[in-house]
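Structure, as structure tokens:
The values are calculated or read from the model by the stated rules, or taken from the named source; none is laboratory data. In this text the structure is predicted, and so the values were computed from the model without any measurement. Cβ sites come from the backbone with ideal geometry, for glycine too, and all protein chains shown count toward neighbours.
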Amino acid sequence: MDAKGPLAGVKVLDFTHVLAGSYGTMLLGDMGADIIKVERKGIGDALRKTPPLKNGESAYFFCSNRNKRGLSLDLKKEGAVELVRRLVKNCDVFAENFRPGVMERLGLGYADIKKVKPDIIYASLTAFGEKGHYRDKPGFELIIQSLVGLVSVTSEPDGRPAKVQPQVVDICGGMFIAIAILGALYHRKQTGQGQRITTSLMEGLFALMTNFVYMHLMGSKIPHGLRTRNPMMFPSQSFKTQDAHISTVVVPAHWERFCNALGKPEWINHPDYSNVVYRVQNYDAMEALVEQVTTNKSTADWLEIFEQHQVAAAPINKVEEFFEDPQFSVLNLLTPLDHSKAGKVQIQTPPWQMSETPCDVKLPPPALGEHSIQILRENGFDNAEIETLLKEGLIETG
């Protein structure tokens, strides 16, 4: 793998699966680390069979597995743990997101791996943490969103509960584990010392909910059923127009711009309306007042008017429509690649740019076991050993 990013030379043995942990190791791969994704022989990551599929390859799996190489291994076979320990000797990071205790039972817990590689950075991501009442419970996106309160603040008032559809719990958990690994790598560079990292999906979402957390901690009531509303600012939501809706955000300093755009200059210094605290406390009444104006013109008209007055606004696009947005092509958000199974595919690019250590997409998500032999050869396994591993069914190739 021709890695030139800031993590070039870093090797990660990646036992993560599904979305959260895999997203975190993918970010390290985006920065040039060599990610060896270890998957269960014959089955692979649970996301591999999740629809929709292209030539048998899952769109969901593609979300978190670019810039990785794949090793397919049967951990239940005799010799598998020893094989992993041989690989660990050449690695800097060991990442996993199984339930607490699983890796220890396999002989691959932190204490086991540290014996083989004393300066290893061993990163574990769980659903609820490694202690407490929920320790051994299964945890998924909707479960965490429901427990921490995200569903309550976004669902339609008096309607059926609705989750936030992007996998914010998983992606946030992945980002936090990646950040922690980066910190541990820097610490090791300074001291030569490895360490154990633990985090959980619950901790990640709690961190993401910081504005609501501090509303509660500082004695404010947390509103529910916000839809597109910002509980700390008005206007900051979508409004009905003549033909659809439009989203707009007006920070207090832009209130005058907004009033002039609506043709309501008398609101600028109104004793109530000019006060953002009043506007937030009387959200329903203020929303109705604004929509008396916005429903008289189309969304296209309002976009033009708000642009003229430098008020932040946007149409409510479907996902597919964003691909036609003029800013989409400017940002270079996709990279075309050839995949060994799916054929020609478009892969999301890393969402940042670095002037001296550029990051890009070098590898599409691997087919199951695609790089097994390559990885073993690089780690000192000779042809006879590899043939034996294949014959005994311990590994497979893609």
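Looking only at residues in region 237-256 that are free of Cβ contacts under 8 Å to residues at least 24 places away in the same chain and not aromatic (Phe, Trp, Tyr), which one is surrounded by the most Cβ atoms within 10 Å (Cβ to Cβ)?
Taking region 237-256 and keeping what is free of Cβ contacts under 8 Å to residues at least 24 places away in the same chain, we get 251, 253, 255-256.
Then keep just the ones that are not aromatic (Phe, Trp, Tyr); that gives 251, 253, 256.
Numbers: 251: 13, 253: 7, 256: 16.
If we take residues in region 237-256 being free of Cβ contacts under 8 Å to residues at least 24 places away in the same chain and not aromatic (Phe, Trp, Tyr), then 256 is surrounded by the most Cβ atoms within 10 Å (Cβ to Cβ).
Taking the criterion of being without any contact (Cβ under 8 Å) to a residue 12 or more places away in the chain and more than 15 Å from residue 95 (Cα to Cα), the residues of region 165-182 that qualify are 165, 166. Checked against the criterion of being of a type in the set (Ser, Thr, Tyr), over 30 Å from residue 215 (Cα atoms) and in the same structural domain as residue 32 (by TED's automatic domain parsing), the candidates 294, 335 yield just one match: 335.
Looking only at helices (runs of 4 or more DSSP H) that lie completely in region 120-215, which have at least 3 residues being of a type in the set (Lys, Arg) and assigned by TED's automatic domain parsing to the domain that holds residue 61? Explain how you work it out, then say what you get.
Details: elements: 141-148, 150-154, 168-191, 201-208.
Filter on region 120-215 gives an empty set.
Scanning region 34-70 for residues that are touching a Pro at 6+ places or on another chain (Cβ under 9 Å), aliphatic (A, V, I, L, M) and in contact (Cβ under 8 Å) with a residue 40 or more places away in the chain gives no hits. Could you list all residues from region 324-375 that are part of a strand (DSSP E or B) and either aliphatic (A, V, I, L, M) or touching a Gly at 6+ places or on another chain (Cβ under 8 Å) (or both)? Of everything in region 324-375, those that are part of a strand (DSSP E or B) and either aliphatic (A, V, I, L, M) or touching a Gly at 6+ places or on another chain (Cβ under 8 Å) (or both) turn out to be 334, 337, 345, 347. Note on region 14-27: residues that are in contact with a helix residue (DSSP H, G or I) (Cβ under 6 Å, 6 or more places away or on another chain) and within 21 Å of residue 188 (Cβ to Cβ) amount to 4.
Exactly one residue among 293, 311 is in contact with a Leu (Cβ under 7 Å, 6 or more places away or on another chain), surrounded by 13 or more Cβ atoms within 10 Å (Cβ to Cβ) and not polar (S, T, N, Q), and that residue is 293. Within region 1-60, being of a type in the set (A, V, I, L, M, F, W, C), within 16 Å of residue 339 (Cβ to Cβ) and buried (at least 24 other Cβ atoms within 10 Å of the Cβ) holds for one residue alone: 26.
Taken as a whole, the structure leaves residue 378 outside the set of residues that are exposed (fewer than 13 other Cβ atoms within 10 Å of the Cβ) and either touching a strand residue (DSSP E or B) at 6+ places or on another chain (Cβ under 6 Å) or in the same structural domain as residue 68 (by TED's automatic domain parsing) (or both).
Quick grid of which residues meet (1) at pLDDT 95 or above; (2) touching a Phe, Trp or Tyr at 6+ places or on another chain (Cβ under 9 Å); (3) surrounded by fewer than 21 Cβ atoms within 10 Å (Cβ to Cβ):
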| residue | (1), (2), (3) |
| --- | --- |
| 72 | yes, no, no |
| 78 | no, no, yes |
| 86 | yes, yes, yes |
| 89 | yes, no, yes |
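Yes/no matrix, rows are residues, columns are (1) at pLDDT 95 or above; (2) over 30 Å from residue 366 (Cα atoms); (3) more than 25 Å from the chain's Cα centre (by Cα):
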| position | (1), (2), (3) |
| --- | --- |
| 291 | yes, yes, yes |
| 299 | yes, yes, yes |
| 306 | yes, yes, yes |
| 310 | yes, yes, yes |
| 326 | no, yes, no |
| 333 | yes, no, no |
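Checking each residue in region 249-278 for being under 20 Å from residue 295 (Cβ atoms) and in contact with a Pro (Cβ under 7 Å, 6 or more places away or on another chain) picks out 250, 258, 259. For region 381-397, give me each residue that is in contact with a strand residue (DSSP E or B) (Cβ under 7 Å, 6 or more places away or on another chain) and closer than 22 Å to residue 61 by Cα. The answer is 395, 396.
Can you tell me which residue in region 216-256 is nearest to residue 296 (Cα to Cα), limited to those that are aromatic (Phe, Trp, Tyr) and not in a loop (DSSP other than H, G, I, E, B)?
Restricting attention to region 216-256, the residues satisfying the condition of being aromatic (Phe, Trp, Tyr) are 234, 239, 255.
Narrowing the set further to residues that are not in a loop (DSSP other than H, G, I, E, B) leaves 239, 255.
Working: 239: 12, 255: 20 Å.
That would be 239.
With respect to residue 204, determine if the residue is closer than 26 Å to residue 114 by Cβ and within 16 Å of the chain's Cα centre (by Cα). So residue 204 passes the test.
Those residues that are touching a helix residue (DSSP H, G or I) at 6+ places or on another chain (Cβ under 9 Å) and either surrounded by 16 or more Cβ atoms within 10 Å (Cβ to Cβ) or in a loop (DSSP other than H, G, I, E, B) (or both), I need them from region 257-267; list them, please. So that I can check it myself, show each step before the final result.
Going residue by residue through region 257-267, those that are touching a helix residue (DSSP H, G or I) at 6+ places or on another chain (Cβ under 9 Å) are 257-259, 261-267.
Answer for region 257-267, where residues must be touching a helix residue (DSSP H, G or I) at 6+ places or on another chain (Cβ under 9 Å) and either surrounded by 16 or more Cβ atoms within 10 Å (Cβ to Cβ) or in a loop (DSSP other than H, G, I, E, B) (or both): 257, 258, 259, 261, 262, 263, 264, 267.
Candidates in region 183-226 are the residues that are without any contact (Cβ under 8 Å) to a residue 12 or more places away in the chain and under 21 Å from residue 169 (Cα atoms); of these, the one that is surrounded by the fewest Cβ atoms within 10 Å (Cβ to Cβ) is 210. Pairs linking a residue in region 18-33 that is in contact (Cβ under 8 Å) with a residue 24 or more places away in the chain and closer than 13 Å to residue 350 by Cα to a residue that is in a helix (DSSP H, G or I) and charged (D, E, K, R), with Cβ atoms under 8 Å and 6 or more positions apart or on different chains, are 23/170.
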